[in-house]
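What follows is a short report on a single structure.
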Amino acid sequence: MSATFEVPFVSCDLCVEVKTPALKTCLKCEVSMCAQHLQTHLTTPVLLQTHPLTNPVQSGSSSQMASKCSAHGKLVEYYCMDDCVLVCMSCAIEEGHRLHNMKTLQTAHTELSGQLREELKALAQRQNQAKELERWHKNQMQILENCVSQLMKSGSALKELALTNSQTSLSARLGALQTAQQAVSSVLKEEDHFNFLQKFASVHKAITEARKVNLKLGLGPGPDRTKIMEDIRKVRQVIEKQVHKFQRKFFAFADPQSYSVVQDDPNSVSELTFDPQTLGPEMTLSNDLKMLFYTRSSFQGYRGSYTAQTLRLQTKQTGNMRWSLNLSEHCDWTIGLCNTKAMNGNYSEVYGLKKQNKSLLSVKTEDANRTSDNRRSVPIIQTSEFSYEFHVTGPWKVEVIWDDTSNLLAFYSRNKPTKGFLLCKLKAKMLCPFITFENISSNLQKENRGQHQTGQRYVSSVSNSYTELLCVLK
């Protein structure tokens, strides 16, 4: 049942005979006026500017008292933007507000309303982020619950294995003792010499078996115990791996910026290969399309650089993805997600990690604005350099993780001793995995007489040529 509130009746202070309802109250005159008596305030410019009007308030009410300065008893006419308080003329020129930013009530209302509208827009955006956070939290809770369930199943299996075999062993040992006791008790009741001696042989055998029973704690020795111990070790190893993953997932739940949310499960690695149609000049692939080679003849010059070449990675997988790369230290590269029509390092959309000389940069596309004819303007690629406190010798080893639920693209170092170090994390869209190579150094390993490996085949080197293994997909 909803409560009802009665609006207090405020009559016009200038009407004498009939109590006409007041339309406005002048805070300066401290008079409530009906529509007829209000005309003077509305038509006189000076009164309109200097006499603030408000909704009708009763004389002596708290609303009317609030319109006066508590220190000077004067009408409040200004708003101090620095202290966020209403002040009168005396406060504005004599007190501590003299050097502050003062606004008339109308101006302050207009400016602060504009600020609140902007804050409302920002809160709406944050509300969308909060919904995304809620979805992420729900998904992570499901992941953790699955981990707990798996761990409990493994624990139950281990418990069942140990207790069942222990119970079987215990029952067998107690059964042998009980059988011997019953046999002895039964034969002692036999008074006939013939029957007693006839049964003694079986009783003697039961006593012999009872003497062999091992009453030490634990399972009895023998091949059965050895097999059970081996089974327990196997289950223990499974549980240890699950506990490790469980711990990592809890860390990722508490601090996803520092910990990978995808575990080192080989089944979760996405099957990615290079798209042969995007190969550049002097580039070749292994048979499994996972190794990329660059071969250059010495006749093409000993030093120089290679223009940017963007290669797409192909996969049939959708949703969450995870892949690892070993990248040559003799070139610059960009890895991540981009539009499918990207060529020669030119993207309409891109989110990735870029190595340029000895620097690492995050790369992402800002939202392109639309022109007056409703066409999208040229996209803006934003790069941001970040520092990393380790030195990489040899190939770069990077793991890329795409979380389709939270739309996060993360890059982790897999070089020792920084394995698992978060290099970069971006808010992104599900696009096409790619690699762009730039500035491939011509000072490559020279193979005049040797051989180089391409996938599972060995191909003889061309004389006076230089071959570099640019990338290996894992």
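The values are calculated or read from the model by the stated rules, or taken from the named source; none is laboratory data. All values derive from a computational prediction rather than experimental measurement. Note that each Cβ is placed from the backbone with ideal geometry, even for glycine, and that neighbours are counted across all protein chains shown.
Observations
- Among the residues of the stretch 172-201, the ones that are of a type in the set (G, A, S) and exposed (fewer than 11 other Cβ atoms within 10 Å of the Cβ) come to 2 in all.
- Residues in the stretch 407-425 that are crowded, with 16+ Cβ neighbours inside 10 Å, in a loop (DSSP other than H, G, I, E, B) and touching a Lys or Arg at 6+ places or on another chain (Cβ under 8 Å) were compared, and the one that is modelled with the lowest pLDDT is N415.
- Selected residue (criterion: surrounded by the fewest Cβ atoms within 10 Å (Cβ to Cβ)) from residues of the stretch 53-68 that are modelled with pLDDT of 80 or more and under 17 Å from L105 (Cα atoms): N55
- Residue check for S185: among the hydroxyl-bearing types (S, T, Y) and touching a helix residue (DSSP H, G or I) at 6+ places or on another chain (Cβ under 8 Å): no
- With respect to the conditions (1) in contact with an Asp or Glu (Cβ under 8 Å, 6 or more places away or on another chain); (2) farther than 24 Å from I239 by Cα; (3) surrounded by 12 or more Cβ atoms within 10 Å (Cβ to Cβ); (4) not basic (K, R), N101 falls short on a single one, namely (3).
- Residue among T318, T284, T310 that is surrounded by 12 or more Cβ atoms within 10 Å (Cβ to Cβ), out of contact with any Cys (no Cβ under 7 Å at 6 or more places or on another chain) and either under 23 Å from V350 (Cα atoms) or modelled with pLDDT under 90 (or both): T310
- Of all the criteria given as (1) more than 30 Å from Q142 (Cα to Cα); (2) out of contact with any Pro (no Cβ under 9 Å at 6 or more places or on another chain), the one not satisfied by N214 is (2).
- Residue in the stretch 160-171 that is among the aliphatic types (A, V, I, L, M) and in contact with a Ser or Thr (Cβ under 9 Å, 6 or more places away or on another chain) present: no
- Some residue of the stretch 135-143 being within 30 Å of V243 (Cβ to Cβ), within 36 Å of the chain's Cα centre (by Cα), among the polar types (S, T, N, Q) and surrounded by fewer than 12 Cβ atoms within 10 Å (Cβ to Cβ): yes
- Top-ranked residue in the stretch 310-368 [being in a loop (DSSP other than H, G, I, E, B), within 18 Å of L272 (Cα to Cα) and hydroxyl-bearing (S, T, Y); ranked as nearest to the chain's Cα centre (by Cα)]: T318
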